[in-house]
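A.B. asks: The structure's right below; bear with me while I get my questions together.
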Amino acid sequence: MSSPVLTTLMLHRIFVAGGHSYFGRHGLGSASHPIREVDAAECVAGCGLRGDRFFAYKPDYKGQVTLFSREVFADMVQALHLGDASPAALRRNLLVEGTDLNELIGRQFELQGVLLEGTEECRPCYWMDEAFAPGTEAWLRGRGGLRCRILTDGWLRTQT
C-alpha cells in the first residue's frame, strides 16, 4: 500500500448530531435533530465520530465522517444568494479548506494525524433544497463533499 496523500487541509468547523433529520426519512418529512458545533471530536477507527448519528452505524460504513469544502460553501452561498446560511445545514461533519475533496476519493490521507480514506462523493439529495433553497441540490452535484472511513483513532480540533 502506498503512503497516505499529503494534504494541506485546514479544519475550520466540526459538527455532530445525535439523530437523523433527513437520512432514511424519504416520504416521512424531515425530523428535528439539531446539529451542534464542537471544538473537538474523537475519531474511532471503523466507527466514526463519537457522539454523531453515524457512529457505529454499520460495519465498514463508507460515511463514518463527512467533509465539506469551505471554498465550495462560499461559492454556493454567493451563487444562490443564501445570505447568512450556515454550513451546519449541510449536515456534513467537517468544514475544511485547502484541496479539491473529489481528488481524495479512493485515497488515504491524514488530517491532524488521523488517517482517513476517501470513499466517495457525499452526493447532495433533494433535502438540500429544503435545508437551504430550491436549486441547492442541482448546484451541489459533483461538489457535495467527501465521505470517508476512519482508519486510525485520534482527535480532531478546529483551527483558527
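The values are calculated or read from the model by the stated rules, or taken from the named source; none is laboratory data. Remember, it's a predicted structure, so these values are computed and weren't measured experimentally. Note that we place each Cβ from the backbone using ideal geometry, even for glycine, and neighbour counts take in every protein chain shown. All accessible areas refer to the heavy atoms of the entire protein, side chains included, with ligands and DNA or RNA removed. Shrake-Rupley method; radii C 1.70, N 1.55, O 1.52, S 1.80 Å.
A.B. asks: Under a point-charge model restricted to the Cβ atoms of Lys and Arg (+1) and Asp and Glu (-1), what is the dipole moment magnitude of region 45-130 relative to its Cα centre, in debye to the nearest 20? It would help to have the intermediate numbers written out before the result.
C.D. replies: Working: 9 positive and 14 negative charges, 85 e Å.
For region 45-130, the charge dipole is close to 400 debye.
A.B. asks: Below 10 angstrom from the Cβ of Asn102, what's the summed charge of the other residues (Lys, Arg +1; Asp, Glu -1)?
C.D. replies: Numbers: positive: Arg143; negative: Asp100, Glu103, Glu120, Glu121.
Local net charge: -3.
A.B. asks: Can you compute 3J(HN,Hα) from phi for each residue in region 50-57, using the Karplus curve 6.51 cos²θ - 1.76 cosθ + 1.60 with θ = phi - 60°, rounded to whole Hz and x for Gly and Pro?
C.D. replies: With the stated coefficients, region 50-57 comes to 4, x, 8, 4, 9, 4, 6, 4 Hz.
A.B. asks: R0 = 41 Å: FRET efficiency of Asp60 with Arg157, Cβ-based, nearest 0.05? It would help to have the intermediate numbers written out before the result.
C.D. replies: Working: r = 26 Å, r/R0 = 0.64.
The value I calculate is 0.95.
A.B. asks: Tell me the label-point distance for the pair Glu71, Glu37, using the 7 Å Cα-to-Cβ offset, in nm and rounded to one decimal.
C.D. replies: Each label point is offset 7 Å from its Cα along the Cβ direction, giving 2.2 nm.
A.B. asks: Per residue, how many Å² of accessible area does the chain show with a 1.4 Å probe?
C.D. replies: On the way: 8110 Å² over 160 residues.
Roughly 51 Å² per residue, with all protein chains present.
A.B. asks: Of the accessible area of region 101-160, with the probe set at 1.4 angstrom, what percent is carbon plus sulfur?
C.D. replies: Values: 1370 of 2940 Å².
Carbon plus sulfur share of accessible area: 47 percent.
A.B. asks: Could I ask something else about it? Which Cα, out of Gly48, Leu116, Pro59, lies furthest along the positive dipole direction of region 36-160 (beta carbon charges, K/R +1, D/E -1)?
C.D. replies: Pro59
A.B. asks: Which ³J(HN,Hα) values in Hz, rounded to whole numbers, follow from the phi angles of region 78-83 under the Karplus curve 6.51 cos²θ - 1.76 cosθ + 1.60, where θ = phi - 60° and Gly and Pro get x?
C.D. replies: 5, 5, 9, 6, 8, x
A.B. asks: For Arg141, Arg91, give the ranking by accessible area with the largest first, probe 1.4 Å. Please report the intermediate quantities before stating the final value.
C.D. replies: Values: Arg141 145, Arg91 35 Å².
Most to least solvent-accessible, the answer reads Arg141, Arg91.
A.B. asks: Taking the Cα centre of the chain as the origin, how large is its charge dipole in debye, to the nearest 20, when only Lys and Arg (+1) and Asp and Glu (-1) carry charge on their Cβ atoms?
C.D. replies: It works out to roughly 380 debye.
A.B. asks: Counting Lys and Arg as +1 and Asp and Glu as -1, what is the net charge of the other residues whose Cβ lies under 12 Å from the Cβ of Arg50?
C.D. replies: Local net charge: -2.
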